[in-house]
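Remarks on the structure that follows.
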Amino acid sequence: MIKKNQNSGRNRYYSLSNKLRKEGKSSEEFEILFNNLSLEEVIGLKLELASKFGLRGKMYGLPIWYSLRTIVKDAVLKYAVSATRSKREAARFLGLHEQGFNNLLRKHQVDNYFEEEVDKGSE
């Protein structure tokens, strides 16, 4: 009999999909359609939709080209935390040392993004 690793941390409660569904921003049907798009198509479509409400060439009020690195890092950090069982595992997944990973979590406020979900889940 194979024993399943019982190693689980706070991350087990973090899920982007669940968070967005509870906020009414996603559904199972939407995620099925969304999954058929490439990452490039998702980014392009999001930018196209956002440009309809642009502010003097600055979608979301910031220059997209110069903000891409930060936007992508933020998204990848959220994914890594939601896809792993612990922060240590997420750091290893990204190839980062724990201290550097923890600094990035604080800088990008990843815990705050998921915090409301964890608080509701523990009640």
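The values are calculated or read from the model by the stated rules, or taken from the named source; none is laboratory data. What you are looking at is a predicted structure, and each value in this text was computed from that prediction instead of being measured. Cβ atoms come from the backbone with ideal geometry, glycine included; neighbour counts cover every protein chain shown.
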Taking the conditions exactly as written (part of a helix (DSSP H, G or I), farther than 18 Å from Leu16 by Cβ and at pLDDT below 95), does Arg92 satisfy them or not?
no
The correct count of residues that are outside any loop (DSSP other than H, G, I, E, B) and surrounded by fewer than 11 Cβ atoms within 10 Å (Cβ to Cβ) in the range 13-52 is 9
All positions within the range 90-103 that are crowded, with 17+ Cβ neighbours inside 10 Å and either out of contact with any Phe, Trp or Tyr (no Cβ under 9 Å at 6 or more places or on another chain) or touching a residue at least 40 places away in the same chain (Cβ under 8 Å) (or both)
Ala90, Phe101
So, first residue under 15 Å from Lys87 (Cα atoms) and in a helix (DSSP H, G or I) in the range 106-123, second residue modelled with pLDDT of 55 or more and charged (D, E, K, R), Cβ within less than 6 Å, six or more apart or across chains; the pairs are His108/Asp74; Val110/Lys78
I'm checking my understanding of the structure. Among residues of the range 47-69 that are modelled with pLDDT under 70 and charged (D, E, K, R), which one is farthest from His108 (Cα to Cα)?
Arg56
